[in-house]
2 protein chains.
Amino acid sequence: MGERDREREEFLRVARLAKDATATLAPLPRAAKDAALHAIADGLTAAAPEIVKANAGDVARAREAGVAEHMIDRLSLSAERIAAIAEAVRKVAALPDPVGETVRGSVLPNGLELRQIRVPLGVVGIIYEGRPNVTVDAAALCLKSGNAVLLRGSSSAIDSNTMLVRVMQDALAGTAVPQEAVQLVPGTSRDSAKHLMRARGLVDVLIPRGGASLINSVVEESTVPVIETGVGNCAVYVDAWADLDMAVDIAVNAKTQRPSVCNAAETLLVHAGIAEAFLPRVLDALRAKGVTVHGDERVLACARQHGHDGVVPATEDDWYAEYLSLDIAARVVDSLDEAVAHIRTYGSGHTEAIVTSSQREARRFVAAVDSAAVMVNASTRFTDGEEFGFGAEIGISTQKLHARGPMGLPELTSTKYVVTGEGHLKGQTPPAS
Amino acid sequence: MGERDREREEFLRVARLAKDATATLAPLPRAAKDAALHAIADGLTAAAPEIVKANAGDVARAREAGVAEHMIDRLSLSAERIAAIAEAVRKVAALPDPVGETVRGSVLPNGLELRQIRVPLGVVGIIYEGRPNVTVDAAALCLKSGNAVLLRGSSSAIDSNTMLVRVMQDALAGTAVPQEAVQLVPGTSRDSAKHLMRARGLVDVLIPRGGASLINSVVEESTVPVIETGVGNCAVYVDAWADLDMAVDIAVNAKTQRPSVCNAAETLLVHAGIAEAFLPRVLDALRAKGVTVHGDERVLACARQHGHDGVVPATEDDWYAEYLSLDIAARVVDSLDEAVAHIRTYGSGHTEAIVTSSQREARRFVAAVDSAAVMVNASTRFTDGEEFGFGAEIGISTQKLHARGPMGLPELTSTKYVVTGEGHLKGQTPPAS
């Protein structure tokens, strides 16, 4: 048996352990799951020195490989960061349990009682990049919602992730949650991710968290159902009836409050009717924050006319770009419909905002834009599980099936119909009670 | 350009037309969609002679090819059947519109108004087998829920389907619903189905309706998200505390009331504690209905003891079988846990039933069985959109993502978050109203 086959065998062994664990985990009451999460938080705190030591190995390797300092920062764990991770686990324990919630229920005409109740999905696979905190966050959310989890992090964090999973498994030993419910996918080769993607029947859903290329490769290769997350080419549309002060503030906040995240704005669309009044002001404000504007012909012309030199010509690629940096593409449109058409063509379906005082235009924009979230007179930055009051989020879905937008605990569940009768037979008069 | 490339180009042209149509269709109010459905129903009734004529071609080809008579019956359309299909379209028009429903809503602590509303999925692809009535049923459900539909039926029904789609498109000409919202996938080769499966970005979801091999091939090859439907290896478990009269009736009803459908029972599990009392009675009742029982050692022994000769030995394959015929696999189990373990190993996750008088055992079974529907003291045959009060159904999902169990109109929608503020900026004090 070659190395590849061994890795596959080992993956299947681990995945089956996770699947078997769901039989014990799924029906557990909330108290048992919360106790297990507190045990994990305690375990992480107690093992902080070992975790920091394991992490130091990853960090040293990254330094040797010449990885950029901001990436090393993402990778690094300190006692303080581990305390924050443990605290986040306790916060998940404090959230309501979605499992068992009755989603709908009725008594059918024949007397059958119908209830649709939330149940765990089963085994959730997470494929993610650098940050080792995701290892614990994702595990906590999955356990709370009654799911086993298969974690496949990046090879750059392998020592940290191995230690974090070991600590979590050890902590579960004294609880009602089976240790096998949290598993690291063995190996860090491309093949090891493939095993996870092809494990239909063992894994119920795969959630890739990372950049567009990771997500595309998972979508392309996976036979396990996938929930796409996180790619955000978000637009702010400033309507002809916009309050211009508000529009400047929202454009600047959406672009610059935290440029590296998926709900930051990447495109600014400006109605021609207010372009002359609005563009000079927003260009000033963006320049003051160090933003490079990639403008179309009309934005460039306006910038030249007002002596702005911070605007560069936009190419077709700029309309598609998820910069995640202090860059924004800007374009003048002749109508709301043209703004919507631009978003349909180039957007990623994450979040779009309109700034307008017109109720009619707000309604039209909300109806026509086909994105996970549509903001009216608010920054795109509000699309977030915490902001929406979900308490925590496993990612932001940009697809339409199962979950769309920020995903909290209910999005980590499926449902089951429970039908109760007294000997009901199809095609026959129901029994008298 | 070869034939294959031409077919692909033609598919992409048609799929883009469908996608473009969603921009007009998605925001339409209920009245406009209902009027379009009534126009389709009228059009089908008026064109009944042409439809019957086109169908006659398919039927003649099937006869020539020596297709079995019951398959030809499924394929055949008469004026009467067309009237029933038109009536079903009017019934869909009478159902409530799921689009626009607020699924959740709240005012966030910062004053932002959050609403999660139902929106159409976009473009729905349906891959199905023989029955031409599915062409119209599926189109009606998709249009009612604001979706465009790409229909890919079987080559055996190509003349019927072509005519039905033409009649529907002609009927839409005078309505607010774009004609392009209903499309037949061009070609009937295996490639034409593949184009549909690989049309990620143009098609939002694919629903295969048919046998296990069709569904597996779609799951394996599709990059478009798939909702699996319809494979049902359903079990009836007769508990030690069962009312034996009720248990006999439910077993017989679940197996024989309509053996060819996915919610018919294929497996009978009997608790050892009542096997001696129950088995002879149920074997009698099943034999009276012409059912062949495939029994394990203990069922066989009991049958021999009571002089039954209708029981044949079960093989491992029998536990997996979706017979869809007058056959049932039967096994004696020592406990409810063993019944659950059997279902976990061999079941398809569709519907399982328990017959018991014990509240405790009913609760345990409901909690432990991981299927789309769990029946307590009722026939498995009740898992059905009509029975559940959904008015119509596009299929029965046996997967856990997005929809599980019978899928009505709400299951053909996604959601969108609409967030309304007054200039809200992230990380800053909310504006005073």
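The values are calculated or read from the model by the stated rules, or taken from the named source; none is laboratory data. No experiment lies behind these values; they were computed from the predicted model shown. Positions of Cβ are backbone-derived with ideal geometry, glycine not excepted, and every protein chain shown enters the neighbour counts. Please note that ligands, DNA and RNA were not included when accessible areas were found on the heavy atoms of the full protein model with its side chains. Shrake-Rupley method; radii C 1.70, N 1.55, O 1.52, S 1.80 Å.
Here are the numbers for this structure:
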{"item": "Residue and distance (whole Å) for the chain B Cβ nearest the axis that superposes B on A", "result": "B:His402, 2"}
{"item": "Distance (nanometres) between label positions extended 7 Å along Cα→Cβ at B:Arg4 and A:Ser155", "result": "3.4 nm"}
{"item": "Rg/Rh ratio calculated on Cα atoms of the stretch A:1-123 (Kirkwood radius)", "result": "1.15"}
{"item": "Distance in nm between pseudo-label sites at B:Lys289 and A:Lys91 (7 Å out along the Cβ direction from Cα)", "result": "5.6 nm"}
{"item": "Position A:Ala79, label points 7 Å along Cα→Cβ, spacing to each other copy in nm (shortest first, one decimal)", "result": "9.0"}
{"item": "R0 of 41 Å, Cβ-Cβ distance B:Glu113-B:Glu220: FRET efficiency to nearest 0.05", "result": "0.40"}
{"item": "Rounded percent of accessible protein surface that carbon and sulfur make up, the stretch A:234-382, 1.4 Å probe", "result": "49 percent"}
{"item": "Cβ-Cβ FRET estimate between B:His38 and A:Lys53, R0 fixed at 60 Å, reported to 0.05", "result": "0.25"}
{"item": "Stretch gain in nm, segment A:Arg104-A:Val261, where the contour uses 0.36 nm per residue and the Cα spacing is subtracted", "result": "52.9 nm"}
{"item": "Ellipsoid semi-axes in whole angstrom, largest first, where each is sqrt(5λ) of the Cα gyration tensor of the stretch A:60-108", "result": "43, 15, 6"}
{"item": "Gyration tensor (Cα) of the stretch A:350-422, equivalent ellipsoid semi-axes in angstrom", "result": "30, 16, 11"}
{"item": "Linear extension gain, A:Arg200 paired with A:Ala46, 0.36 nm per residue minus alpha-carbon span", "result": "51.7 nm"}
{"item": "Column: log10 I(q)/I(0), Debye, Cα scatterers of the stretch B:223-318, q = 0.11 Å⁻¹", "result": "-0.34"}
{"item": "Shielded by partner chains, the stretch A:397-427 residues - at least 50 Å² of accessible area, 1.4 Å probe, vs chain alone", "result": "A:Lys400, A:Leu401, A:His402, A:Arg404, A:Lys416, A:Tyr417, A:Val419, A:Leu425, A:Lys426"}
{"item": "Cα point-scatterer Debye curve for the stretch B:101-200, base-10 log of I(q)/I(0) at q = 0.13, 0.20 Å⁻¹", "result": "-0.54, -0.97"}
{"item": "Electrostatic dipole magnitude of the stretch A:234-382 [Cβ: Lys, Arg +1; Asp, Glu -1; Cα centre; debye, to 20]", "result": "360 debye"}
{"item": "Per residue accessible area in Å² of chain A, where ligands, DNA and RNA are left out and the probe is 1.4 Å", "result": "38 Å²"}
{"item": "Most mobile of A:Gly57, A:Gly130, A:Gly389 in a GNM of chain A (Cα contacts under 10 Å)", "result": "A:Gly389"}
{"item": "For the stretch A:234-382: span of alpha carbons on each principal axis (Å, largest first)", "result": "38, 31, 26"}
{"item": "Gain upon complete extension [B:Gln428, B:Arg74; 0.36 nm per residue less C-alpha separation]", "result": "121.0 nm"}
{"item": "Candidate lysines for bridging to B:Lys144, where Cα separation is under 21 Å - those fewer than 8 sequence places away on the same chain excluded", "result": "A:Lys400, B:Lys19, B:Lys33, B:Lys91, B:Lys416"}
{"item": "Kirkwood Rh (inverse of mean 1/r, distinct Cα pairs), the stretch A:305-433, angstrom", "result": "18.7 Å"}
{"item": "Over the protein assembly as shown - Rg/Rh using Cα atoms and the Kirkwood inverse-distance radius", "result": "0.99"}
{"item": "Simple Cβ-charge dipole of the stretch B:330-416, Lys/Arg +1 and Asp/Glu -1, about Cα centre, in debye nearest 20", "result": "240 debye"}
{"item": "Karplus-derived 3J(HN,Hα), 6.51/-1.76/1.60, for each residue of the stretch A:158-168, Hz, glycine and proline x", "result": "4, 5, 4, 5, 4, 5, 4, 5, 4, 4, 5"}
{"item": "Assigned charges on the beta-carbon of Lys, Arg, Asp, Glu; the protein assembly as shown dipole about Cα centre (debye)", "result": "360 debye"}
{"item": "13 Å cut-off, amide nitrogen to a point 7 angstrom out along A:Val67 Cα→Cβ, residues in the stretch A:88-132", "result": "A:129-132"}
{"item": "Charge sum, other residues only, whose C-beta stays under 13 Å from A:Asp42's C-beta, Lys/Arg counted +1 and Asp/Glu -1", "result": "-2"}
{"item": "Distances in nm from B:Arg16 to the matching label points in the other copies, shortest first (labels 7 Å along Cα to Cβ)", "result": "5.0"}
{"item": "Accessible-area composition of the stretch A:1-140, carbon plus sulfur, in percent [1.4 Å probe]", "result": "55 percent"}
{"item": "Interface area, A with B, accessible, probe 1.4 Å, both sides summed, Å² nearest 100", "result": "5700 Å²"}
{"item": "Debye log10 I(q)/I(0) at q = 0.06, 0.07, 0.08, 0.11 Å⁻¹ for chain B, Cα point scatterers", "result": "-0.32, -0.43, -0.55, -0.92"}
{"item": "Where GluC sites (Glu not before Pro) fall in DSSP loop in the stretch B:333-433, at most 14 other Cβ within 10 Å", "result": "B:Glu386"}
{"item": "Coordinate range along principal axes, alpha carbons of the stretch B:68-156, Å, largest first", "result": "67, 25, 18"}
